[in-house]
Structures are given as C-alpha cells and as structure tokens.
1. I62 is checked against (1) of a type outside the set (D, E, K, R); (2) in contact with a strand residue (DSSP E or B) (Cβ under 9 Å, 6 or more places away or on another chain); (3) outside any strand (DSSP E or B) and fails just one. What number does that condition carry?
2. Can you tell me which residues in the range 50-65 are of a type outside the set (G, A, S) and surrounded by 10 or more Cβ atoms within 10 Å (Cβ to Cβ)?
3. Looking only at the range 8-41, count how many residues are assigned to a helix (DSSP H, G or I) and either over 11 Å from the mean Cα position of the chain (by Cα) or among the small types (G, A, S) (or both).
4. Of R58, R47, which residue is modelled with pLDDT of 95 or more and among the charged types (D, E, K, R)?
5. Just to be sure I understand the filter: pairs with C-beta atoms under 6 Å, separated by 6 or more residues or on different chains, first member in the range 1-15 and under 19 Å from G43 (Cα atoms), second member surrounded by 15 or more Cβ atoms within 10 Å (Cβ to Cβ). Which pairs pass?
6. Report the residue count in the range 5-30 for those that are under 14 Å from G54 (Cβ atoms) and loosely packed, with under 10 Cβ neighbours inside 10 Å.
7. Can you say whether R47 is exposed (fewer than 14 other Cβ atoms within 10 Å of the Cβ), part of a strand (DSSP E or B) and on the phi < 0 side of the Ramachandran plot, as far as the supplied structure shows?
Amino acid sequence: MTPGASRDDVRIVDGTVQLRVTAPPADGAANEAVLRLLAAALGRPMRDLTLLRGASARVKLIGIATSR
C-alpha cells in the first residue's frame, strides 16, 4: 500500500496486489481508503472486507468474507 499517492490505483504486479490511495496515513484514513478501493475493485460491499494484519504497516492482510 502507498498512502498519499497522487491518485487511487489498483495494480497486480508479479502476483501481488498493489494499492495506492490518496488518503494520508493518519488516524486510519489510508486503511479505510484501502478497504474502500479494494471493495470497489472486487465488486463487493465494504462490510465483506476486514483488515486482519498490518494496520500500521505497508504490507497488509485483508480477509474477504465468502458468499452466504
């Protein structure tokens, strides 16, 4: 994840999802933006995504709920 980027962007590079968000890395704003961006890219509601690990790190583990 890259916070404070010039624009929001989702890329897959060498099998890794790379997210860039314009939100600053303060008060969880970048984490919220990452979840919002990833949910939109996957066509899923944001409630299906959970930040499992990496709240203060660039590398994050995000859980995605399965369909009910």
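The values are calculated or read from the model by the stated rules, or taken from the named source; none is laboratory data. Here the structure is a predicted model, which is why all the values come from computation and not from measurement. Backbone-built Cβ (ideal geometry, glycine too); neighbour counts: all protein chains shown.
1. Result: I62 passes all but (3).
2. T50, L51, L52, R53, R58, K60, L61, I62, I64
3. Matching residues across the range 8-41 total 6.
4. That would be R47, the only listed residue that is modelled with pLDDT of 95 or more and among the charged types (D, E, K, R).
5. These pairs meet every condition: D8/V21; D8/T22; D8/L37; D9/R20; V10/L19.
6. Looking only at that region, the number is 1.
7. No.
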